[in-house]
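See below for the structure under consideration.
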Amino acid sequence: MSDLNKETGMLVVISPAKRLDWAERDVAVTQPDFQDDAIRLARTMRNLTLGELKKLMDLSDDLARLNRDRFRAFVDDPDADSTRPAALAFAGDTYMGLEAATLETDEMAWAQDHLRILSGLYGVLRPLDAIQPYRLEMGSRLKTRRGKNLYEYWREQLSNSLNAQAEITGSQVLVNCASQEYFGAVAPKALKLKLITPVFMEDKDGTPKIVSFFAKRARGAMARYIIQNRLSDPDGLKDFDSGGYAYRAKLSTPDKPVFLRPYASP
């Protein structure tokens, strides 16, 4: 029997989103594990000029001003009014698939132990970790004392954090539903987990292809599927069928299961 057919625990990681939903939430929040790092990075960002901020993340003038103001408002000890739970605050395509606001209380509790959001500012977030409004892509070439970009800043900490959580939960598998930009900050060789990266494709005229818009949403839906089914056996991933996707064994490898569906225009 292969390792992937054994009953194991499971973690899943996703990316954050540029777009935020700052609606009030009546939910108890937790403090991010790397809050001190976020404070240091926010101070670094606060010292950038508007032009430097615009260049760093390739922003328009309006977005550069918005994010300059956000970092100026970033405080060391935020209150409830200035924070929101991460999984409910992010509002991009992945989070349309995750639909965190509709998770039951017990499902969110399971997600708090098994779902992690990779973040350029906060490193690793639990779903209910309190975040302040920000935008800082992991691919940003922000120079710090730890290196010339955020990959060098976070790499060791992200792997260590995931390993530690895997030990706490008894997990042996990490399902990577994050983008390459964000998962690129994790050092795979340092992980003590079996890595599985689902691939979501559209069948367009008989030719399977990845469509970013759909793939992002599907990664969120896969994270939701894992949460709602409390998956521990990687074989259970093959039953994922949200949005019309179906597992395709002939296109898959053990560490990259492929899910395919008929193409439909966005």
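Each reported figure results from applying straightforward, stated rules to the coordinates on display, with no laboratory input. As the structure is a prediction and not an experimental result, all values here were calculated from the model. In this analysis, Cβ positions are derived from the backbone assuming ideal geometry, glycine residues included, and neighbour counts consider all displayed protein chains.
Region 159-198 and region 82-101 have Cα centres lying 21 Å from one another. Taking the Cα centre of region 3-262 as reference, the dipole from Cβ charges on Lys and Arg (+1) and Asp and Glu (-1) amounts to some 1180 debye.
Taken over the Cα atoms of region 64-145, the convex hull encloses 132 Å³ per residue. Amide H to amide H, with H built 1.01 Å from N, residue 131 comes under 5 Å of 84, 86, counting only residues 5 or more places away or on other chains.
Helix 150-169 and the longest principal axis of the Cα set of the chain meet at an angle near 50°. With the alpha-carbon atoms of the chain aligned to their principal axes, the span from lowest to highest coordinate is 54, 43, 38 Å, starting with the largest. The angle between the Cα long axis of helix 212-228 and the longest principal axis of the Cα atoms of the chain comes to about 70 degrees, rounded to the nearest 10. Checking the cross-link pairs 55/148; 143/192; 143/256; 54/209 against a 24 Å limit on the alpha carbon distance flags 143/192; 143/256; 54/209 as lying beyond it. Normalised by 2.2 N^0.38 Å, where N counts its residues, the alpha-carbon radius of gyration of region 44-97 equals 1.33.
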